[in-house]
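**Q** Structure in structure tokens, see below.
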Amino acid sequence: DHAAYSIYIRYCGDPPELSLHDFLVRFERAVVFEALLRTHGSQKDTAAFLKLKKQTLNWKVKRQRILITKQIVKEPM
């Protein structure tokens, strides 16, 4: 898809400075982080918003080391 390629090139440069894997990891983290912000840190609501199981979201949050309290305290990379 041309739009996805444009985002990748804009974010990573031409030639890309990040591998596709590193880009996807950072992109996924940013999406999860933004969804958590929109739902005020509610993992249940975030999972529903992202159409994930709550356990899958919880695993992603732990793997990506996103710290959640009443507010999100660690910003994306």
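**Q** Assign one of three labels to segment 1-69, namely rounded, prolate or oblate, based on the Cα gyration tensor with a ≥ b ≥ c the square roots of its eigenvalues; rounded applies when a/c is under 1.5, prolate when it is not and a/b is larger than b/c, and oblate otherwise.
**A** prolate
**Q** Let me ask another. If we count every other residue with Cβ under 11 angstrom of VAL25's Cβ, Lys/Arg +1 and Asp/Glu -1, where does the sum land?
**A** +2
**Q** Follow-up question, since we're still on this one. On the protein heavy atoms, probe 1.4 angstrom, tell me the percent of accessible surface of the chain carried by carbon and sulfur.
**A** Carbon plus sulfur share of accessible area: 57 percent.
The values are calculated or read from the model by the stated rules, or taken from the named source; none is laboratory data. Just so it is clear, the structure is predicted and the values come from calculations on it, not from any experiment. Reconstructed Cβ throughout: ideal geometry from the backbone, glycine too, with neighbour counts over all protein chains shown. When the accessible area is computed, the model is the full protein with side chains, heavy atoms only, and any ligands, DNA or RNA have been set aside. Shrake-Rupley method; radii C 1.70, N 1.55, O 1.52, S 1.80 Å.
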